[in-house]
Amino acid sequence: MAEQIIKLFSKDLQENLFPKNEFYKQSKVDGNIGAKFGSVEVPQAGAVPGVVVNPSSFPLTPSQRVDDVKTYNVDLYATDAIHIEDVNEIVTNYSKRMDILKDHTRELNTRIADEIAYSWAPTLAANKSFTTGTADGSALAPGATGTRKALTREDLSDLAIKFDIDDVPEGARNMLVDARLYAQLLKIDSFINFDYTNRKPVVDGQVGEIFGMKVFKRSKAVYHDVSGVKKAVGAATAVDDNLAIIAWADNMVRRAEGAVKVYADIDNPLYLGSIFNASVRAGGTASRTDEKGIYSLIQGV
């Protein structure tokens, strides 16, 4: 009689992998978004007053400041429904239902982070710059080919100076680095010097600091086409696409984010099990119409 083979079910589930999404918490929050919110209006201050030196004509001419408003969308994100048969929960040695619900939440958070990074990336040419280092085989964007100019210390210092030129307050400046560009950042002494290696970051997700900018690393940031235009989340890849570093100040970007709602149809007789999915409303934008305080450093060709 053949020996019976027994199958052992491990209690340790090999979980799905997700990017680090903490970076987008470095922003202004426009309240807790409920199910009925579809957009947010951000008031914009009008022109500042002029200055007259040694006025000699009276009365002075008064004028009114005309304020404006900027509106951004709060979109509804929903996961695909997942069906769990009762028999699956019986034979597994881990909580499949709990892990699936965790995946729904993490996937929503990842998509929101992707979309907010895209919404923050500037559109104005004046807020974009390009790497200037030696051209090498660093076409790192998905599907890209050829060479790109490497990231240099001067590129990063010029990025930091943009904040100063626009009078953006210090102490709340950040940058998001694609993991593939992070390897080039590690070759810059200003990033790996004594001050950095002996200072513990105090913000979740922060991996260092350079020129007054907190550095956040993520497996993906925002991709740009050959002309420097940012590409929407999920857009088709191209051989001439480029990676980019996004830099921003906390008070120059905004986000609106609701709580994740989980939907459950428990013990549905038509499915011999249960069905789950989840949704959340979220959105983001630059705080100002002139996009001051947000910049892109894009791979140069």
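Readers should treat all values here as calculations from the given coordinates under stated rules, not as data from a laboratory. Quick caveat, the model's predicted, so the values are computed rather than measured. Here the Cβ is made from the backbone with ideal geometry for all residues, glycine too, and neighbour counts use every protein chain on show.
Annotations
- Cα-Cα P(r), segment 167-301, percent of pairs per 10 Å interval: 10, 29, 30, 17, 9, 4, 0
- The packing ranking, built from the mean of other Cβ atoms within 10 Å per residue, places the peptides 160-169, 258-267 in the order 160-169, 258-267, highest first.
- Tilt relative to the chain, helix 153-165 - C-alpha long axis, 0 to 90 degrees, to 10: 60
- Angle between the chain longest axis and helix 96-120 axis [Cα atoms, degrees, rounded to 10]: 20
- Calculated FRET efficiency for the pair ASP265/SER227, C-beta based, R₀ 45 Å, to 0.05: 0.40
- Across every direction, the projection of the convex hull enclosing the Cα atoms of segment 29-168 has a mean area of 17.6 nm².
- Stokes-Einstein D in µm²/s, Kirkwood radius over Cα pairs - segment 102-154 at 20 °C with 1.002 mPa s viscosity: 153
- Its relative contact order, with pairs defined as Cα atoms under 8 Å and 6+ residues apart, puts segment 221-301 at 34 percent.
- Exceeding the 21 Å Cα-Cα cut-off - candidates LYS20/LYS292; LYS162/LYS230; LYS96/LYS220; LYS28/LYS261; LYS70/LYS292; LYS25/LYS220: LYS20/LYS292; LYS96/LYS220; LYS28/LYS261
- Helical runs (DSSP H, four residues minimum) scored at -39500 (n - 2.57) apiece and divided by the length of the chain put the mean residue ellipticity at 222 nm at -5500 deg cm²/dmol.
- Nearest-0.05 FRET efficiency for VAL52 and LEU76, computed from C-beta distance (R0 45 Å): 0.30
- Amide hydrogen proximity for ALA135: with H placed 1.01 Å from N in the peptide plane, the residues at 5 or more positions away or on another chain lying under 5 Å are ALA150.
- Protection proxy ranking of 116-126, 53-63 - average other beta-carbon atoms within 10 Å, highest first: 116-126, 53-63
- Stretch gain in nm, segment SER63-LEU17, where the contour uses 0.36 nm per residue and the Cα spacing is subtracted: 10.8 nm
- Virtual paramagnetic centre 7 Å along Cα→Cβ of ILE188, amide N under 17 Å, in segment 217-243: 217-218, 221-222, 243
- VAL87/ILE275 FRET efficiency (R0 25 Å; Cβ-Cβ; nearest 0.05): 0.95
- Taking 0.692 mPa s as the viscosity and 37 °C as the temperature, the Stokes-Einstein diffusion coefficient of the chain based on its alpha-carbon Kirkwood radius rounds to 147 µm²/s.
- The simple spin-label model puts a point 7 Å past each Cα toward its Cβ; for THR134 and ALA238 those points are separated by 3.0 nm.
- With a simple spin-label model that places each label point 7 Å from the Cα along the Cα-to-Cβ direction, the separation between SER39 and GLU170 comes to 4.0 nm.
- Computed from point charges on the beta carbon alone (+1 for Lys and Arg, -1 for Asp and Glu), the dipole magnitude for the chain about its Cα centre is near 400 Debye.
- Normalised contact order of segment 111-150, rounded percent, pairs of Cα under 8 Å and 6 or more residues apart: 31
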